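Asker: This structure is in structure tokens; I'll ask about it shortly.
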Amino acid sequence: MKIQTYYNHIRFYTPHHFVYYPILTIFLAASIYFAFTTNDTLIWSFISVVFVFLFCLAFMLRQHYALILQNRIVRLELRYRYFTLTGKRFEEIEYKLTDDQIFGLRFAPDNELLPLIEDALKNNLSGDAIKKAIVHWKADYNRV
């Protein structure tokens, strides 16, 4: 694997993003085309609706479950790391941070975490600004 940085931390799932969705898009486009160019408008319209439904369902389910679980794990990781570094519970300040900020902080190494938390609270940094402020990126190769 390449060394992870801000610029390459987004991950794609090849079978889903580059096989399933393109094929489904082609089938959807073809069914819409046939709905307007053949005499069987009703059946092709129905097929188009089914493809739209499959597209939406696949996207929602794939993303929803994985991201909710990942969000919980990131919070638990930060709670543990914060407690390890300070001896205090992260929940005391966690409510002051947005999800975006918390998810940005996960890439900070231990020596940069506490100053970044303080900076995020003081200057209301966005998650993207937090990520850009990280000097030594703590890679997460197991994320969804």
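Asker: Roughly to the nearest percent, how much of the accessible area of the stretch 1-105 is carbon and sulfur, given a 1.4 Å probe? Mind showing how you got there, number by number?
Answerer: Values: 5470 of 7720 Å².
Ligands and nucleic acids excluded, carbon and sulfur reach 71 percent.
Asker: Further, regarding this structure: Give me the one-decimal nm value for the distance between modelled label points at N124 and F36, 7 Å along each residue's Cα-to-Cβ direction.
Answerer: Spacing of the two 7 Å Cα→Cβ label points: 4.6 nm.
Asker: Relative contact order for the chain using alpha-carbon pairs under 8 Å, separation at least 6, rounded to a whole percent? Kindly include the intermediate steps, with their values, before the conclusion.
Answerer: On the way: 107 pairs, mean separation 35.0, N = 144.
Relative contact order here is 24 percent.
Asker: P(r) of the stretch 78-144 in 10 Å steps, Cα pairs, percent per bin?
Answerer: Using 10 Å bins, I get a P(r) of 22, 59, 19, 0 for the stretch 78-144.
Asker: Among L42, L28, N124, which residue has its Cα furthest toward the positive end of the charge dipole of the chain, with +1 on Lys/Arg Cβ and -1 on Asp/Glu Cβ?
Answerer: N124
Asker: Regarding the chain, what's the average projected area of the Cα-atom convex hull, expressed in nm²?
Answerer: Details: hull surface 44.4 nm².
Averaged projected hull area, Cα only: 11.1 nm².
Asker: Still on this structure, please answer the following. Ignoring ligands, DNA and RNA, what accessible area per residue does the stretch 14-133 give at 1.4 Å, in Å²? Before the final figure, lay out each step's value.
Answerer: On the way: 7820 Å² over 120 residues.
Accessible surface, normalised per residue, equals 65 Å².
Asker: To the nearest 20 debye, what charge dipole does the stretch 69-144 have about its Cα centre, counting +1 at the Cβ of each Lys and Arg and -1 at the Cβ of each Asp and Glu? List each step's numbers first, then the result.
Answerer: Working: 13 positive and 12 negative charges, 30 e Å.
Here the stretch 69-144 has a charge dipole of around 140 debye.
Asker: Suppose every K and R has +1 on its Cβ and every D and E has -1 on its Cβ; what is the size of the dipole of the stretch 14-133 about the Cα centre, in Debye to the nearest 20?
Answerer: Details: 12 positive and 12 negative charges, 42 e Å.
Magnitude of the dipole: close to 200 debye.
Asker: Ranking request for peptides 103-109, 26-32: highest mean number of other beta-carbon atoms within 10 Å first, then the rest in descending order. It would help to have the intermediate numbers written out before the result.
Answerer: Working: 103-109: 21.1, 26-32: 15.1.
Highest mean packing first, the order is 103-109, 26-32.
Asker: Treating only the Cα positions of the stretch 1-55 as identical point scatterers, give the base-10 log of I(q)/I(0) from the Debye formula at each q in 0.14, 0.15, 0.26 Å⁻¹.
Answerer: -0.50, -0.54, -0.94
Asker: What is the count of Lys pairs in the chain whose alpha carbons sit under 20 Å apart, if the two are 8 or more places apart or on different chains?
Answerer: Lysine pairs meeting both conditions in the chain amount to 9.
The values are calculated or read from the model by the stated rules, or taken from the named source; none is laboratory data. Quantities reported herein were computed from a predicted structural model and do not represent experimental measurements. Quick reminder, even Gly has a Cβ in these numbers, built from the backbone with ideal geometry, and neighbours come from all protein chains shown. Side chains are part of the model used for accessible areas, which takes the heavy atoms of the whole protein and leaves out ligands, DNA and RNA. Shrake-Rupley method; radii C 1.70, N 1.55, O 1.52, S 1.80 Å.
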